[in-house]
Structure formats: C-alpha cells, structure tokens
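The values are calculated or read from the model by the stated rules, or taken from the named source; none is laboratory data. Just so it is clear, the structure is predicted and the values come from calculations on it, not from any experiment. Here Cβ is always computed from backbone atoms with ideal geometry, including for glycine, and neighbour counts include all displayed protein chains. Calculation scope for accessible area: heavy atoms of the full protein, side chains included, ligands and nucleic acids excluded. Shrake-Rupley method; radii C 1.70, N 1.55, O 1.52, S 1.80 Å.
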Amino acid sequence: MLDGLELEPLRLALRKEAAEHMAQDSAHDLAHLDRVWQTAQKLAELEAGADLKVLLGAAYLHDLVNLPKDSPRRAKASTMAAAAAAPILRTHGFDNHQVAAAQHAIAAHSFSAGLQPKSPEARILRDADRLDALGAIGIARTFAVGGALGRALYDEDDPFAENRALDDTAFALDHWPLKLFRLPEDMLTEAGCAMAHARAADMRLFAQRLAFELGRELPESWV
C-alpha cells in the first residue's frame, strides 16, 4: 500500500483540481483540505484497514461542491460532491472500486447529510473534517462563517444564552454549544475522539477568557 510520501504527486494533482473546481471561502479553502488530509493521515495510522489513496482522494475532493451553510440544498452538498469527484478520480488513476470507496467517504462525511460511514476511510474522513471545526482553527472558522453570513459574534445582552434559546442563525458563538461541543462524543475513531476532547477544551478556555473580558461569569454548562 502506498504511503503519504509516495502519494505526494497525486496529492498535488488533486489539490490543483480542487483549486480549479471548488468554490472556496475562508472556512472551506485549500488550507482546510490540507489540514483534513494531515489529520486523516494521523488517524489512519491507528485505524486498521484504511486505504490511503482512497482517503487522499476523498480528503481533497470532499468539498468539491461547497454550498453556503444557509443554502436550502446544503444537506445534498456532500452527495453532489461525491458525484462531481468521480470523473476527476478516474482521470488520476482510481479504479472503479477506489472511486466508489472515495465517493462513499465524501458523501458520508457531512453532518447535514445524515449518512452512516461504512468504511475505515469514511470514518476517518468524517472525524478529520469535524476536528477541523474544533480547537484554535475551529474558533477562527466559526467567526469567519458567521461573519460571511452576517451573523453577530454573540448576543450582547446574553452572550452565553443563560436566559434565551440558543440560535446560531443569529449569533456565531451559539454554534458552539448547539453543535461543536457535541462533536467529541460523536467521533468514530478512538484517536479522533481524544483529539476532539482536547480541542473542545481549548475552545472552552477561550469562552472563559471571553466571559472575563465581557465582565461576566461563564455558565457551568459551557465549562
């Protein structure tokens, strides 16, 4: 089986394909693809049976169709990306089995799609993509996406939603307890789970510092 070094020419070729065909934004750009691939390789070292070539193809093409978070077609984006990836993968030497495997990983990685990952590559890609929503980079991506959608950083009257319902369509910070803090318990690999808990802890430290700067106490539900 090929290792990461041997796959480098293919990685560069697929990265170029993504640069040409993927609609990029500050949270879904080539750097995001690079990070997902780097994390996926780390997880693959501990997840038996993963095909690195399939994983590479899925990692660099998983956001080939990148729809805005508020798009009514958002739940279909990953299956659309899987379909768009097939001819590109074949062009770069993937056989039918490898194409199908990469397509499944791409389709199943999305939170909104609700598909169950059924292969090591799919489980790894989903964990690697979700890990990029946590930690320091996750903090940056939360506010980048929120800003692009015109959402406030937080509710100035009740930033930690102590006396209101959470609403991440209005306040970027609300996305953390609504979705991101739940990700560690939903990881599919042991290593991914450990990494997710560590990154979520970093986000909670940020929230504590934010509360301090706002002259507030961070609610226990955030700690």
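Side notes on the structure shown:
- Largest to smallest accessible area among VAL145, VAL223 [probe 1.4 Å]: VAL223, VAL145
- For the stretch 17-58, the carbon plus sulfur part of the accessible surface works out to 46%, probe radius 1.4 Å.
- GNM top mover of ILE139, ILE88, ILE106 - the chain, alpha-carbon springs below 10 Å: ILE88
- Within the straight-line cut-off of under 19 Å between alpha carbons, the aspartates and glutamates reachable from LYS179 are ASP70, ASP127, ASP129, ASP132, ASP155, ASP158, GLU162, ASP167, ASP168, ASP202, GLU220, sequence neighbours fewer than 8 places apart in one chain being disregarded.
- Residue-wise HN-Hα coupling along the stretch 96-107, computed from phi with Karplus coefficients 6.51, -1.76, 1.60 (Hz; x: Gly, Pro): 4, 5, 5, 4, 4, 5, 5, 4, 4, 4, 5, 5
- In Å², nearest 10: area of ARG209 left accessible to a 1.4 Å probe: 130
- Checking every one of the GluC sites (Glu not before Pro) in the stretch 144-185 against DSSP loop status and a limit of 10 other Cβ atoms within 10 Å picks out GLU156.
- GNM top mover of ASN163, ASN96, ASN66 - the chain, alpha-carbon springs below 10 Å: ASN163
- Gaussian network model of the chain, springs between alpha carbon atoms under 10 Å - residue of GLY138, GLY114, GLY57 with greatest fluctuation: GLY114
- Close amide H partners of ALA152, meaning residues 5 or more places away or on another chain with modelled amide H under 5 Å apart, are ALA172.
- Ranked order, SER221, SER112 - accessible area, probe 1.4 Å, largest first: SER221, SER112
- The listed residues THR169, THR79, once ranked by accessible area (1.4 Å probe) with the largest placed first, stand as THR169, THR79.
- Here LYS53 is the anchor, and the lysines within straight C-alpha reach of less than 28 Å, apart from those fewer than 8 places off in the same chain, are LYS16, LYS42, LYS76, LYS118.
- Between the residues GLY146, LEU183, LEU173, the greatest Cα displacement towards the positive end of the dipole of the stretch 108-193, with unit charges on the Cβ of Lys, Arg, Asp and Glu, is found for LEU183.
- For the chain, a simple Cβ point-charge model (Lys and Arg +1, Asp and Glu -1, everything else neutral) yields a dipole of about 540 debye relative to the Cα centre.
- For the chain, the per residue solvent-accessible surface stands at 48 Å², with DNA, RNA and ligands left out and a 1.4 Å probe.
- Taking every alpha-carbon pair under 8 Å whose residues sit at least 6 apart, the chain reaches a relative contact order of 17 percent.
- For ASN66, nonlocal amide neighbours, meaning residues 5 or more places apart or on other chains whose placed amide H falls under 5 Å from its own, are ALA23.
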